[in-house]
Structure formats: structure tokens, C-alpha cells
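To start, the structure itself, in C-alpha cells.
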Amino acid sequence: MKTARLVSYKDLPKADLVVDAVYEGFGTQLSGEPVSKLLKVGNVGGFRDLGLGEKKKFVVLYTSGENKDWPDQLDVNTGRFTYYATNGNRILKRVFDSLHSDRSEIPPFFVFRKSSTVASSLSVQFKGLAVPGFLGLPSTEDLVAVWKTSNEQRFQNYRAVFTILDVSVITREWLNNLCKGNAFTENMPGVWREWVEKGRYRALTSESTTVVRSQDSQMPDTPDKILILNTVWEHFKEASREFEFFASYLFQMHDQRVIIDEVTHASVDGGRDAIGRYRLGLADDPLYVEFSLEAKCYRPPLMSDQKLNTVGVKEVSRLISRIRYRQFGVLVTTSVIGKRAYEEVRKDRHPIIFFCGKDIADILTKNGFNTSSRVKNMLEDKFPVS
């Protein structure tokens, strides 16, 4: 695995912004926060701008990746970045209005994510230069007001969609130009100029080289998500039939193009817990691809003293044998896929989608079920077990 470039705290004032480089903080006090020293903006908050009045020189979007109510997400395969604004709403509204009228009024956005290091828990990783909107996304969906509830009180924020542009280095020279209020210089990235002048989204995309996920990477990566998965497991551990309905519901929650035709009866399921179709193409001229779904409510390795129950070759082979020509398979488990089974599926290019413990927690969190209590209430309401 390639090690990320590390920029020390003392070198921040003169450093370029390099995609995926980590910029070290100093200690744990806010005075040692790196973004403020790197770009002369504030040292707190997820939305930090430079410039007086409504017209900004540039904006920093900072995400910890840990906010359960507002789960920011970067899809590194497509370059799409979804950001939930807890402040800066007025600036975002103006920016997205300009997106559909005058792009020259829009400042550059620099995206950073928390990335603690040995030197400092305040260290950050630069994720890229972002612009508002995404190719093919309607203007009614790039900036959406979202209502949520906390402690019985409703509150509203924005969900904003950005594109990370295909530029690997933001030079210090351009950053200096921006600080002086001049974005359009010979130092500006070509993809930025192209977007401003022509509206072309040339996204920073990448193809995943991870063929087989490790068992650790198939499990939740935060305490909140561990509790969410444990809630699912505890609810269904003696109710495998009800888990089949939940697994089908989860797949639909993940993608609205999923249609579940039937959760099959146990005695006549033919090795398939559910069957359905995936819709492709236009809404008024769709193409459907059939799939078979298997659901395995196995014990997840949430505690060190718990015995791990993995989905192995036998279970995966059973699903593969049920897939006919031009179909694909879906396997949903509260646990993990064993290494050998995972490797055989990917090596032989079987059309199987795996949803493991981490995926279950991520999908639930993204859809607003971001605490164990909310998940528990939803399960008891929609999937009651005796």
C-alpha cells in the first residue's frame, strides 16, 4: 500500500496542496490546527472561507467523517463529494445560484478530511479541489434543504453535491494569487479554467485496486456503527426469516432502482431468499436485469471474545449455482465474507455483490438511521419478531 505524503507543521505556510497528502497539526490545542496555518482561514468548523462580504476568495470544506447526523461522503471512484452544511448556508445558496448563471462568481473549494497522526490528532488530509454540482445531476438536486430531528427538535441544513476536479497539485503560487483576490492567473489549474469557462466537469476518478476486502474492512469502523450493527444482529439472530425481508429492504434502501418481486418461501425458495429486478435505462423505456438475493444473519465479530461466523465457500457457491444467464447475485450478511470465498468470486468474475456488516451500518446511517436506538425502533416497527 502506498504511504501518503506527510507535510510537517513547520512547512505548512509554503506548502502546495497535494491530493491525499497529510498535513500535520501541532499537539491537540486549536492553536496547532493545520488548515488555518496552511490557508489563513479559521481554525474551527466545517465551513471556512476567506474574504469579506458575499464574494469569497476561496472556501475550505472540512469533514471529520464522524458526524452521524450529517455523513459527508467522497466517492473516490467518481469524484462525487456530498457535503452536509451545518454553517455557511448563505454562501452555499449564492454559489449554487451562480452555478446556473455565472460560474466566474464561484470561488474554489478545498476539501480536507480529519486524518490524525502520531504528532497530532488535528492533522488533516487534502482530498482535492472541488466545484459545485456533478455531471448529469439536475439543478433541483445539487443543493437540497434537509430536515432532521434531534432531541425532539427539528432543524434544517443543506446537502450539497460537489465534483472533485482532476488536478493533483494546487500550487502555492495560485494559493497566493487567491489570497490577493485574483483566481484567474497563469497559475490556475487548467481543469478549473475549463470548468469556469465551459462548465465541463473533468472529475478526479480512480479505479479501485482492492479486489478482496479484508475481514477488518468488512466491519464497522466507528463505535456508533458497531452499535448499529449489533442492534441488527441482536434483533434478527433468532429470526432468519425476518432477516430475509430486512436484507431485501436494505438493498432497496441502498439503490432506488432495485425492485424486489418476492421474498421466497423457505420450503420452495430454490436456494434464493429473494428475487427481483434492477432497472437500467430511461424511466419510460427501462431495461431490467434479474437478480437473486441470499441473506445470512451470522454472528459478527463485534467483541474480541465472540466467535466469528464467516460466510464461506459453501454459502457463496450455493448462490452462484442459482444465478442464470444475464442475472447477478446479492449476498447480505451481518458478518463477513471469508477470504477464500471472496477471492474465488472475484478471481472467476462471478457477478456477485457483497453487503457485509460495515455496509449494513453505512447504509442505515446514510438513510437517517444513525443511532442504535433509531435502528431498534425501525426494526421493531417494520420487522417485528416473536
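Just so you know, all these numbers are worked out from the coordinates, no wet-lab data involved. Note that the coordinates shown come from a computational prediction; the quantities given were computed from them, not determined experimentally. Glycine also receives a Cβ, built like all others from the backbone with ideal geometry; neighbour counts cover every protein chain displayed.
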Q. Mind listing the phi-derived Karplus ³J(HN,Hα) values for segment 10-23, rounded to whole Hz, using 6.51, -1.76 and 1.60 with θ = phi - 60°, and x for any glycine or proline?
A. 5, 8, 4, x, 10, 7, 6, 9, 10, 4, 6, 6, 9, 10
Q) Each residue of segment 276-292 in turn: what ³J(HN,Hα) in whole Hz from Karplus with 6.51, -1.76, 1.60 and θ = phi - 60°, glycine and Pro shown as x? A) x, 9, 10, 8, 10, x, 7, 4, 9, 8, x, 10, 10, 10, 7, 9, 10
Q. At a Förster distance of 51 Å, what's the computed FRET efficiency of Ser217 paired with Ser31, Cβ-Cβ distance as r, to 0.05?
A. 0.90
Q) Within the chain, what percent of beta bridges assigned by DSSP are antiparallel, to the nearest 5? A) 70 percent
Q. In Å, what is the Rg of the alpha-carbon atoms in segment 1-126, and how long is Dmax?
A. 15.0, 46
Q) Taking the simple approach of a point 7 Å from Cα along Cα-to-Cβ for both Gln252 and Arg326, what is their distance in nm? A) 2.5 nm
Q.
Using Cβ contacts closer than 10 Å as the measure, can you line up Leu280, Leu331, Leu143, Leu302 from fewest to most?
A. Leu280, Leu302, Leu143, Leu331
Q) Looking at segment 140-221, which trypsin sites (Lys or Arg not before Pro) are in a loop (DSSP not H, G, I, E or B) and have at most 15 other Cβ atoms within 10 Å? A) Lys180, Arg200
Q.
For segment 216-382, what does the convex hull of the Cα positions come to per residue, in cubic angstrom?
A. 128 Å³
Q) Roughly what angle does helix 357-366 make with the longest principal axis of the chain, taking Cα atoms, 0 to 90 degrees, to the nearest 10? A) 60 degrees
**Q.** Two-site label geometry, Thr205 and Asn367: point separation in nm, points 7 Å out along Cα→Cβ
**A.** 2.7 nm
Q. What GluC sites (Glu not before Pro) in segment 23-119 are in a loop by DSSP, with at most 16 other Cβ atoms within 10 Å of the Cβ?
A. Glu54, Glu66
Q) Nearest 20 debye, what's the magnitude of the dipole of segment 292-386 about its Cα centre given +1 on Lys and Arg Cβ and -1 on Asp and Glu Cβ? A) 300 debye
Q.
Can you give the FRET efficiency to the nearest 0.05 for Glu173 and Ser386, using r as the Cβ-Cβ distance and R₀ = 56 Å?
A. 0.25
Q | Phi-based couplings in Hz for segment 154-164 (Karplus 6.51, -1.76, 1.60; Gly and Pro marked x) | A | 8, 8, 10, 9, 9, 9, 10, 10, 10, 10, 7
Q | Computed over the chain, Kirkwood Rh from alpha-carbon pairs, angstrom | A | 23.1 Å
Q) So which chymotrypsin sites (Phe, Trp or Tyr not before Pro) in segment 139-248 end up in coil per DSSP with only 13 or fewer other C-beta atoms within 10 Å? A) Phe184
**Q.** Dipole magnitude of segment 6-198, debye to nearest 20 (Cβ charges: Lys/Arg +1, Asp/Glu -1, about Cα centre)
**A.** 420 debye
Q. Taking the Cβ-Cβ separation of Asn187 and Lys93 as r and a Förster radius of 51 Å, what is the calculated FRET efficiency to the nearest 0.05?
A. 0.95
**Q.** Inter-probe distance in nm under a simple model that places probes 7 Å from Cα toward Cβ, at Arg241 and Arg154
**A.** 3.9 nm
